[in-house]
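Engineer: Let me begin by handing over the structure; questions about it come next.
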Amino acid sequence: MASFQTLPGFREFYPDAMARRSHVFRLWRQTATAFGFSEYDAPVLEPLDLYRAKSGPEIEAQLFSFTDKGGREVALRPEMTPTVCRLVGEKASALKRPIKWFSIAEFYRYERMQKGRGRCFFQFNADIFGEPGIEAETELIALLAQCLCSFGLTADDFFIRLSDRNLWFYFLEALGFDEARSRSLLTAVDRYEKLGDDAFKDDAAEFGPLDPERRAQILAFLAIRSLPALEAAVASLGSPRIATRLGEWRRLLGNLDAMGLSRFVEVDLGVVRGLAYYTGFVFEAFDRKGELRALAGGGRYDDLVGKLGYAELPAVGFAIGDMTFSLLLERRGLMPALVQAPDVYVVIGGEEERRMAFGDIHALRAAGYRVEYPLREMAFGKQFKAAAETGARLALIYGTDERAKGVVKFRDLGERSEREVSAAHVLDEVRSFFTTA
Ligand code: HAM
């Protein structure tokens with residue numbers, strides 16, 4: 001085995017894999033454009049400080065970071081959110097509203113490798129800036145659902161879990177917890193699905209044991225899976241802030257229902273999101289069978305632009321990762337075969353014929369047809385075999401006899417029929433073949 005292996009968790013895209021990747025990106029791009037989002041991009045390498053204390057301890061521990069030759073502490077981007085906040089923050093006053101942006105880019109996290117998780121991966125990010133109300137959440141959750149539906153996935157394949165960090169804070173406040181303890185308890189809630197009771201260990205170590213009654217109330221809140229259950233759970237708390245917030249929940253769910261998206265969205269207070277900057281509604285998409293890790297995640301982060309030193313600007317967004325998403329498409333049989341067959345294969349006799357064919361080959365390619373020919377001289381039989389193997393629809397034959405007659409032979413490789421056309425009109429004849437075929 002050669003000694004230059006790919007680094008663990010890094011990916012190579014051979015042409016087949018690249019065709020699948022391009023297919024996924026093409027449909028994401030098309031969907032985002034249909035929703036009126038504009039595409040942007042940004043550097044892969046960023047100042048380390050952009051992520052310190054902004055993304056949260058989990059991402060900070062996973063950074064690929066180093067000191068560059070100029071002595072700067074830098075990191076490969078683990079996510080887009082702090083970067084896009086900088087881009088928007090820099091020019092906020094000049095940007096046309098609403099600011100609806102998307103990108104498709106590669107990210108790096110030094111993670112433990114497992115199915116659907118690597119150390120480099122692509123994300124489709126979509127974010128809206130400057131909209132404080134649930135209209136932004138409506139737009140983004142609709143885009144997330146459509147980004148998955150565009151590939152033929154249905155409500156039987158995936159769903160979006162919707163939760164709310166504001167509601168959690170108001171709830172914990174109503175139970176008598178201060179902000180520091182509430183933050184610690186939310187970290188426990190975030191880990192509860194994975195760790196069970198152990199999730200509360202760190203909180204207890206820092207703040208002392210949790211009162212059993214309070215703990216039961218928190219676990220009951222975490223288990224809420226519908227709006228009526230949520231309404232019932234908070235009714236007795238008598239908090240006006242919670243009552244107002246429930247109004248926003250009803251409007252958001254009403255909007256999604258009007259768009260025909262209710263079947264994708266589930267109320268689920270068990271989601272709070274690990275990233276440090278989320279402030280309001282948060283959501284994550286999962287496969288229905290629960291076989292894969294998260295497909296996508298996002299939420300509102302109204303403070304991050306301000307925390308980076310710019311004028312405050314409300315924001316909501318999400319990212320879909322390409323790895324779990326492609327796995328889901330493959331498991332549901334929705335990843336197309338994507339054979340890249342040429343339109344035309346050119347079969348060539350000798351040197352003289354090659355010169356004659358080259359003019360047509362170039363003219364056909366310039367006209368947008370995908371054309372292949374044998375780079376080296378090859379027996380006729382082999383060329384016909386190659387033509388069939390490529391899956392081309394049409395073979396053009398430039399033989400000695402044809403040259404003598406001033407014609408080119410057209411062989412329809414589907415119907416297996418042949419005819420001769422004037423050598424002077426090859427481009428027009430190819431055009432009419434593909435428009436009438
Ligand atoms: P995230 O939940 O960290 O959110 O990542 C979003 C998605 O990226 C995940 O659901 C997963 O599909 C994919 N992903 C994350 N880490 C890996 C990995 N190591 N390997 C493969 N896929 C991975 C964010 O990144 C937020 N910045 C999203 C956001 C945008 N929030 C607001 N705007």
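Engineer: Quick check for you: with a 1.4 Å probe and neighbouring chains kept, what is the accessible area per residue of the chain, in Å²?
Structural biologist: Heavy-atom SASA per residue in the chain reads 49 Å².
Engineer: To the nearest 20 Debye, how big is the dipole of the chain about its Cα centre, given +1 on the beta carbon of each Lys and Arg and -1 on that of each Asp and Glu?
Structural biologist: 560
Engineer: Follow-up. Just to be sure I understand the model, the point goes 7 Å from the Cα along the line to the Cβ. What's the resulting Ser239 to Ala258 distance in nm?
Structural biologist: Placing both labels 7 Å beyond Cα along the Cβ direction yields 2.8 nm.
Engineer: Round to the nearest 0.05 the FRET efficiency obtained for Ala155 and Glu351 when R0 = 51 Å and r is the Cβ-Cβ distance. Intermediate values should be presented prior to the final figure.
Structural biologist: Details: r = 62 Å, r/R0 = 1.21.
About 0.25, to the nearest 0.05.
Engineer: Another question, then. Hey, which of these cross-link pairs are over 23 Å Cα-Cα: Lys100/Lys307; Lys201/Lys307; Lys201/Lys289; Lys115/Lys289?
Structural biologist: Numbers: Lys100/Lys307 21 Å; Lys201/Lys307 30 Å; Lys201/Lys289 30 Å; Lys115/Lys289 15 Å.
Cα-Cα > 23 Å for Lys201/Lys307; Lys201/Lys289; rest within.
Engineer: Okay, next question. Could you sort 277-283, 240-246 so that the peptide with the highest average Cβ count within 10 Å comes first and the rest follow in order?
Structural biologist: Numbers: 277-283: 23.0, 240-246: 15.1.
Highest-to-lowest ranking by the protection proxy: 277-283, 240-246.
Engineer: Something else: Taking the chain as the reference, fit the longest principal axis to its C-alpha atoms, fit the long axis of helix 15-34 to the helix C-alpha atoms, and give the angle between the two in degrees, 0 to 90, nearest 10.
Structural biologist: 60
Engineer: Straight-line reach from Lys385: which lysines fall under 21 Å, measuring Cα to Cα and dropping same-chain residues less than 8 apart?
Structural biologist: Partners within reach: Lys409.
Engineer: Still on this structure: For the chain, modelled as a GNM with alpha-carbon contacts under 10 angstrom, which of Leu275, Leu175, Leu167 fluctuates the most?
Structural biologist: Comparing Leu275, Leu175, Leu167 in a Gaussian network model of the chain, the most mobile one is Leu175.
Engineer: Go through Phe434, Leu364, Ala386 and say which Cα lies farthest out towards the positive end of the charge dipole of the stretch 344-436; charges sit on Cβ, +1 for Lys and Arg, -1 for Asp and Glu.
Structural biologist: The one lying farthest along the dipole's positive direction is Ala386.
Engineer: Continuing with this model, one more query. Between Ser22, Leu167, Gly116, whose Cα lies farthest towards the positive end of the dipole of the chain when Lys and Arg beta carbons carry +1 and Asp and Glu beta carbons carry -1, centred on the Cα centre?
Structural biologist: Working it through, the farthest residue towards the positive pole turns out to be Ser22.
Engineer: Here is a further query. Pull out a ≥ b ≥ c, the square roots of the eigenvalues of the alpha-carbon gyration tensor of the stretch 344-436, then state rounded if a/c is under 1.5, prolate if not and a/b is larger than b/c, and oblate in the remaining case. Mind showing how you got there, number by number?
Structural biologist: On the way: a/c = 1.28, a/b = 1.09, b/c = 1.18.
Because its axes are fairly even, with a/c under 1.5, the stretch 344-436 counts as rounded.
Engineer: While we're here: Quick one: which residues, 5+ away or cross-chain, put their amide H under 5 Å from the amide H of Leu413? H built at 1.01 Å from N.
Structural biologist: Result for Leu413 returns Leu394, Ala395.
Engineer: Angle, helix 81-91 long axis vs. longest principal axis of the chain, Cα atoms, 0 to 90°, nearest 10?
Structural biologist: 90
Engineer: Give the Kirkwood hydrodynamic radius (Å, one decimal) of the chain, defined as one over the mean of 1/r across all pairs of different Cα atoms.
Structural biologist: On the way: mean 1/r = 0.0391 Å⁻¹.
So the Kirkwood estimate lands at 25.6 Å.
Engineer: Say we join alpha carbon atoms closer than 10 Å with springs in a Gaussian network model of the chain; which of Ala386, Ala34, Ala42 then has the biggest fluctuation?
Structural biologist: Ala386
Engineer: Hey, what does the equivalent ellipsoid look like for the stretch 157-271, semi-axes from the Cα gyration tensor as sqrt of 5 times each eigenvalue, largest first, whole Å?
Structural biologist: Details: eigenvalues 140, 59, 22 Å².
After scaling each eigenvalue by five and taking roots: 26, 17, 11 Å.
Engineer: Output ³J(HN,Hα) for the stretch 108-124: one whole-Hz value per residue in order, computed from phi by the Karplus curve 6.51 cos²θ - 1.76 cosθ + 1.60 with θ = phi - 60°, and x for Gly and Pro.
Structural biologist: 9, 9, 7, 9, 6, 6, 7, 4, x, 10, x, 9, 9, 7, 9, 10, 9
Engineer: For helix 134-149, report the angle its Cα long axis makes with the longest principal axis of the Cα atoms of the chain; keep it between 0 and 90° and round to the nearest 10°.
Structural biologist: That works out to roughly 40 degrees.
Engineer: If you take the beta carbon distance between Ala220 and Glu111 as r and set R0 to 35 Å, what does 1/(1 + (r/R0)^6) give as a FRET efficiency, to the nearest 0.05?
Structural biologist: On the way: r = 33 Å, r/R0 = 0.93.
Rounded to the nearest 0.05, the efficiency is 0.60.
Engineer: Can I ask one more? Got a sec? Charge dipole of the stretch 171-278, +1 on Cβ for Lys and Arg, -1 for Asp and Glu; which of Ser239, Ala205, Gly260 is way out at the positive end?
Structural biologist: Gly260
Engineer: Per-residue HN-Hα couplings for the stretch 418-434, Karplus 6.51 cos²θ - 1.76 cosθ + 1.60 at θ = phi - 60°, whole Hz, x for Gly and Pro?
Structural biologist: Each residue of the stretch 418-434 in turn: 10, 7, 9, 10, 4, 4, 7, 10, 4, 4, 4, 5, 5, 4, 6, 4, 7 Hz.
Engineer: For the chain, with a Gaussian network of springs between Cα atoms less than 10 Å apart, report the residue from Asp302, Asp127, Asp343 with the top mean-square fluctuation.
Structural biologist: Ranking Asp302, Asp127, Asp343 by mean-square fluctuation puts Asp343 first.
Engineer: Further, regarding this structure: Straight-line reach from Lys405: which lysines have a Cα under 18 Å away, not including same-chain ones fewer than 8 places off?
Structural biologist: Cross-link targets: none qualify.
The values are calculated or read from the model by the stated rules, or taken from the named source; none is laboratory data. Being a predicted model, the structure only gives us computed values, none of them experimental. All Cβ positions, glycine included, derive from the backbone under ideal geometry; neighbour counts span all protein chains shown. These accessible areas exclude ligands, DNA and RNA; they are computed on the full protein's heavy atoms, side chains included. Shrake-Rupley method; radii C 1.70, N 1.55, O 1.52, S 1.80 Å.
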